[in-house]
Amino acid sequence: MADSPPDSPAGPPPSKLTQEHRDRIQRWSDEKIKDTKSCGCPLCGSKNWTLLEDFVAPANFSRNGGLLLGGKVYPHFMLICDVCGNVQFINAIRAGVLDKDPEK
């Protein structure tokens, strides 16, 4: 097994979902997706989804073109359709998975 670089913090990368995050996502899913007939993939209709392992954030772009570094971040978790690979991005703050104020 490869050793972690000496300057890396112990434990999983901060982008990885913890078991607590997965539990919150499951509660959100149980509450919001009550009618499984309506939650199929919009591309292929499959009702089989996999939760991906990391939080992600869409990039912010300048009105003048180019990627902006810094500023607001909108964290999401991703669900991928097991059949066609379509990915759904769910805002992690709105879903109650992450706190709006990370200091809480």
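Coordinate-derived values only; no laboratory data. The shown structure was predicted, so the numbers you read here are calculated from the model rather than taken from an experiment. Glycine gets a Cβ as well: all are built from the backbone with ideal geometry, and neighbour counts include every protein chain shown.
Some notes on this structure:
- Exposure proxy ranking, count of Cβ atoms within 10 Å, fewest first, for L17, L98, L43: L43, L98, L17
- Legend: translational diffusion of segment 19-91 by Stokes-Einstein, Rh = Kirkwood radius over C-alpha pairs, 4 °C, 1.567 mPa s; D = 92 µm²/s.
- A simple spin-label model places pseudo-atoms 7 Å from Cα toward Cβ; at L67 and I80 they are separated by 2.0 nm.
- The relative contact order of segment 19-91, computed from alpha carbon pairs under 8 Å that lie at least 6 residues apart in sequence, is 27 percent.
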